[in-house]
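S.K.: I am attaching a structure below and will ask some questions about it afterwards.
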Amino acid sequence: MPFYDYFDTEERTITRIGRMIVWREITAHIQMIRQYRKTTGRLKVLEIGPGKGYFAKSALENGWDYTGIDGSATLVSRLKGYNIPVTLAHVPPIPESAGGDYDAIVMEQLLEHMSTVREATTVVEDAYSRLVKGGVLLIASPDYKAQGAHFFDCDYTHNYVTTTRRVSQLLIDSGFTIAYKGYETLSISSEFATLLITMMTRILYASGIPAIIGKLLNKEERMSKIKFTLLRSCVVVGRK
């Protein structure tokens, strides 16, 4: 059975503005990893769920030793076509072939796809065991408090509820020290600004106007995607 093939199809429709936002957020994550890993040297990085490969491309451009793991055969094939080193595997567990001694492990829009608390705990504990002392785990996931019912409606594989508090608790119980926790939307990281954008978005979509536009223009999926983009995500960095 194909897994997450619709994601590959949807991602091909990303706009120029959307691509710019993604790159700005990826750049911020790269800077966070350098800051909290406390090094400027060449880093060994593992990404679980590389998706379209935006972070992978940036990491490789920075000269980092990058490895990716993804559960979609379609996405893995596409990434390998870009010469991105990626392995096909469903996580958890992290496959033994991935090795260890990583400076950083990245899970962007990944943790919410875990089916249970046990799965979420397993993947985070596994990540902890693959990091060097002082290594960091960066998690970026939808903020359920902002998303509400859309958290589940926008993606059939969303199961594990993510908020800054829940993710922080999970990391602490897995042995991490919290180095950073915050929010992002449209590449903005200000807590006040992300909250304001989220509130305005929820008011707009509650009015029904985007739904009407989506119906009239046959762009319902696009309207849903815009909503997901505007509602803030939580970002948590744990240090081993």
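S.K.: Holding the Cα-Cα limit at 32 Å, pick out from K181/K215; K57/K227; K44/K227; K57/K133; K80/K215; K57/K215 the pairs that are longer than that. Please report the intermediate quantities before stating the final value.
M.R.: On the way: K181/K215 38 Å; K57/K227 26 Å; K44/K227 34 Å; K57/K133 26 Å; K80/K215 37 Å; K57/K215 36 Å.
Pairs exceeding the cut-off: K181/K215; K44/K227; K80/K215; K57/K215.
S.K.: Follow-up question, since we're still on this one. Using unit Cβ charges (K, R positive; D, E negative) and no other charged atoms, how large, in debye to the nearest 20, is the dipole of the chain about its Cα centre? Before the final figure, lay out the partial values.
M.R.: Values: 29 positive and 25 negative charges, 143 e Å.
Using only the charged Cβ atoms, the result is roughly 680 debye.
S.K.: For the range 144-183, list log₁₀ I(q)/I(0) at each q in 0.14, 0.31 Å⁻¹, using the Debye formula over Cα point scatterers of equal strength and ignoring solvent, two decimals each.
M.R.: -0.38, -1.01
S.K.: Along each of the three principal axes of the Cα atoms of the range 37-132, give the extent in whole Å, ordering the values from largest to smallest.
M.R.: 35, 33, 22
S.K.: I would also like to ask the following. Looking at the calculated P(r) for the range 14-89, what percent of the C-alpha pair distances fall above 19 Å? Walk me through the numbers on the way to the answer.
M.R.: Details: 1064 of 2850 pairs.
For the range 14-89, the fraction of Cα-Cα distances above 19 Å is 37 percent.
S.K.: Note the per residue figure in Å³ for the convex hull of the C-alpha positions in the range 131-237.
M.R.: Numbers: hull volume 11.7 nm³, N = 107.
Hull volume over Cα atoms, normalised by residue count, gives 109 Å³.
S.K.: For the chain, go through all pairs of different Cα atoms, get the mean of 1/r, take its inverse, and jot down that Kirkwood value in Å. All intermediate terms of the calculation are to be shown ahead of the outcome.
M.R.: Details: mean 1/r = 0.0547 Å⁻¹.
Result for the chain stands at 18.3 Å.
S.K.: Non-local amide H neighbours of S174 (under 5 Å, H modeled in plane, Pro and chain starts lacking H): which ones?
M.R.: Sorted by chain and number, the residues that satisfy this come to none at all.
S.K.: If you don't mind, there's one more thing I want to ask. Kindly write out, for the range 141-154 in residue order, the coupling ³J(HN,Hα) from the Karplus curve 6.51 cos²θ - 1.76 cosθ + 1.60 (θ = phi - 60°), rounded to whole Hz, with x marking Gly and Pro.
M.R.: 9, x, 8, 4, 5, 8, 6, x, 4, 5, 3, 8, 5, 6
S.K.: So, one more: How many nm is it between the label spots at R165 and F152, if each spot is 7 Å from the Cα in line with the beta carbon?
M.R.: The two pseudo-label positions are separated by 2.0 nm.
S.K.: Take every DSSP beta bridge with both residues inside the chain and express the antiparallel ones as a percent of the total, to the nearest 5. Can you show the working numbers first?
M.R.: Numbers: 15 of 32 bridges.
Approximately 45 percent, going by the DSSP bridge assignments.
Taken together, the values in this text are just the output of simple stated rules run on the coordinates, not laboratory data. On a predicted model such as this, the values are computed, not experimentally measured, just so you know. Glycine gets a Cβ as well: all are built from the backbone with ideal geometry, and neighbour counts include every protein chain shown.
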